[in-house]
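The block underneath contains the structure these notes are about, expressed in structure tokens.
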Amino acid sequence: MSNILRSLLHRLGAALIVMIGISMLIFAIARVMPGDPARIALGPNATAEQVAALRLERHLDAPLPVQYWEFVKSVATGDLGKSLYTNRPVTTDIAQFLPATLELVFVSGILMVLIGLPIGILSAHYRGRFPDHVGRLISLLGVCTPAFVWGVILQLVLGYFWGWFPIEGQLSQSVTAAPAVTGFMLVDMAIAGNGAGFLDALHHLILPALALAMSGLGQTARLTRSNMNEVYERPYVEMARAYGFPARRIATRYAFRPALIPTLTILGLEFAAMLGNAFLVEKVFGWPGLSRYGVEVILRKDLDAIVGTVLVIAAAFLIVNIIVDILVNIINPRIRLAAGRA
Amino acid sequence: MMEINPQKPVLTVRDLRLAFGDRHHATEVLHGISMHIRAGEKVALVGESGSGKSVTARLAMGLLQDQKRTHVSGSIWFDGIDAAKGGKEIARRRGNRVAMIFQDPTSALNPTFKIRGQFRDVLRSGDRSIAKAEADRRAEAALAEVSIPDPKRALDSYAFQLSGGMNQRVMIAMALANRPQLLIADEPGTALDVTVQAQTLKLMHEMTERTGTSVLLISHNLGVVREFADRVYVIYRGRIVEHGTTAQLFNDPRHPYTRALLAAIPKISGGGLPDLPERSPDFENPLITHEGCGEPTEAFA
């Protein structure tokens, strides 16, 4: 396990460097935006005294390195400033909206894996035959169609025409939200022991999660298919056939696992990209998440809120990548054992 | 120990033809191969690259038949069935009644699973309901039989952690674990160095003698064939051109192609190698069968 721990520390170090880079970039953007950052942060209705007070508080008259240092210090102590839009500390807003996004992205990730991998396996197993054609069509449509278009299509067909799923929101009007323990609706409902509420929340979650998953799902299926087709040409697959291993077992184990290693890296990137893609899906489905919040604050030039949202999404992106790297290390014995020897 | 009737053939190939392509344009690569292997016999199929020796082996295993644009005719009688037809009957016998050893043992073992799991699946081909503990016990015994020093550790290793020679031993143990009637060895150990390759062949010889398994050795290396085989078929461009016991063939090669092949073996005395022409009208001469090597006359299958 120590080799995995070592690689984890290594990734965390790299992530820290990336975060420093991102913070510098955001800091710079906030400084090059036309106008006075204090004036922008406080909005057009603030008085000159308020602006001057904020300039002092944020050290806006100090040299740039000092300003950056103060910025880092306040971020490190959990102070991201105040949102103009909600008139609350940005950290409070993020704490409220982030769980809904994470829940959405997490369920999308599960759908991407649970649907994308089997489609890829079936396509490779039935190469050139009917299931392969269907699988390739689904994955092509998934990759080519933007998430918000999927959102509208799913809303229209499954929500409006057939009425199988609610069209928007996180819960039905009749259902009261469980007390926020974790902020994740499904988890809170489960903690509160509210089974009907849990199902209602899940029911609301499926369409937006599917809309968000489609692109990654298609990409996952395509990659699994092509990687497996390549693996099928390898001597160890011929060996598996020559020794009478059942074809299904070859598809799901002996050809699948070697093909999963290169797929998993891309899968992690797709998963992280969902954090960014989520904003239009959240908009379409009226989902009270951080991405929608991010769009709102960008449109309102709500500087502190923009900075806070970008930092949090960047951090989430990095954490997902670290998790994927660790998974790749665990699943690939060649890397795992090589790391152990080094 | 299985009952051996030295006369009865284990494998009988008759007029085997293989073509690739569609209905309108097919290219025939095997033009009517006929050969047989008796119980406990070691037979070599010798020829240059592209002569059709490997596809013959794969057809006998039923590995090519289900691929698209592949046309097979003729018959391959093995264990009471016609393997040339491909399909379930021969598939059920793979790993069990017939097994195969490959060129490069390290790439023939899956890099993402330990030897243990793969060995279990090999044993399952012989006995669907074998328990894990019993499979592991038999795997350990099989590895000990091929002189692997620490079978437990080998089972818990990945192929890339073992040497090529070790992996070749593992493959031989796997191949013979279910006591097959026939072992097909496709250029075994060609990817390994010469010493290890020689050890591999020696081990394969000993083990198949012990288990009474017939061997079809696919090779382009006449030196290897001379050491190993009882009988030899020489294949050239999809046709068997000469066939006899190893002694007959090496002492009295009659077909021009066989003579050219033998002349191409490097000699320690030096003197350079004669050119082996890629094609020669002489090589198209009809099949030469040496005395006593004709097809057995009793009923097949």
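Of the listed requirements (1) surrounded by fewer than 19 Cβ atoms within 10 Å (Cβ to Cβ); (2) within 12 Å of chain B (Cβ to nearest Cβ), A:Ile266 misses just one: (2). Total residues in region A:222-263 satisfying the condition of being under 16 Å from B:Leu109 (Cβ atoms) and among the β-branched types (Val, Ile, Thr): the figure is 3.
Considered as a group, the residues in region B:42-67 that are within 14 Å of another protein chain (Cβ to nearest Cβ) and within 30 Å of B:Arg259 (Cα to Cα) include one that is surrounded by the fewest Cβ atoms within 10 Å (Cβ to Cβ), and that residue is B:Ser54.
For region B:160-182, the count of residues that are β-branched (Val, Ile, Thr), over 15 Å from the mean Cα position of the chain (by Cα), within 12 Å of chain A (Cβ to nearest Cβ) and crowded, with 23+ Cβ neighbours inside 10 Å is at least one.
Yes/no matrix, rows are residues, columns are (1) surrounded by fewer than 15 Cβ atoms within 10 Å (Cβ to Cβ); (2) closer than 26 Å to A:Pro89 by Cβ; (3) in contact with a Pro (Cβ under 7 Å, 6 or more places away or on another chain):
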position: A:Lys283; (1), (2), (3): no, yes, no
position: A:Leu299; (1), (2), (3): yes, yes, no
position: A:Asp302; (1), (2), (3): no, yes, no
position: A:Val310; (1), (2), (3): no, yes, no
position: A:Asn329; (1), (2), (3): no, no, no
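Output yes when any residue across region A:18-27 is among the polar types (S, T, N, Q), at pLDDT 80 or above and over 30 Å from A:Leu327 (Cβ atoms), and no when none is. Scanning region A:18-27, I find no residue that is among the polar types (S, T, N, Q), at pLDDT 80 or above and over 30 Å from A:Leu327 (Cβ atoms), so the answer is no. Going through (1) among the hydrophobic types (A, V, I, L, M, F, W, C); (2) within 14 Å of chain B (Cβ to nearest Cβ); (3) part of a helix (DSSP H, G or I) one by one, A:Phe245 falls short only on (3). Can you spot a residue in region B:90-99 that is under 30 Å from B:Glu278 (Cα atoms) and at pLDDT 90 or above? No, region B:90-99 contains no residue that is under 30 Å from B:Glu278 (Cα atoms) and at pLDDT 90 or above. Listed here are the strands (runs of 3 or more DSSP E) enclosed by region B:202-245 that have at least 2 residues being of a type in the set (Ser, Thr, Tyr) and modelled with pLDDT of 95 or more, and there are none.
Among the numbered conditions (1) within 18 Å of the chain's Cα centre (by Cα); (2) among the small types (Gly, Ala, Ser); (3) surrounded by fewer than 16 Cβ atoms within 10 Å (Cβ to Cβ), the only one that B:Ser129 does not meet is (1).
Residues that are modelled with pLDDT of 75 or more, of a type in the set (Val, Ile, Thr), surrounded by 13 or more Cβ atoms within 10 Å (Cβ to Cβ) and farther than 17 Å from A:Val75 by Cβ within region A:28-62 comprise just one, A:Val51.
Each row is one residue, and each column tells you yes or no for (1) closer than 22 Å to A:Ile153 by Cα; (2) in a helix (DSSP H, G or I); (3) small (Gly, Ala, Ser); (4) within 16 Å of the chain's Cα centre (by Cα).
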site	(1), (2), (3), (4)
A:Ala240	no, yes, yes, no
A:Ala259	no, yes, yes, no
A:Phe279	yes, yes, no, yes
A:Pro288	yes, no, no, yes
A:Tyr293	no, yes, no, yes
A:Glu296	no, yes, no, no
A:Asp304	no, yes, no, no
A:Val307	no, yes, no, no
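Filtering region B:68-121 to residues that are more than 12 Å from every other protein chain (Cβ to nearest Cβ), surrounded by fewer than 18 Cβ atoms within 10 Å (Cβ to Cβ) and part of a loop (DSSP other than H, G, I, E, B) leaves B:Gly80, B:Gly87.
The values are calculated or read from the model by the stated rules, or taken from the named source; none is laboratory data. As the structure is a prediction and not an experimental result, all values here were calculated from the model. Using ideal geometry, Cβ is built from the backbone for each residue, glycine included, and neighbour counts are taken over all protein chains shown.
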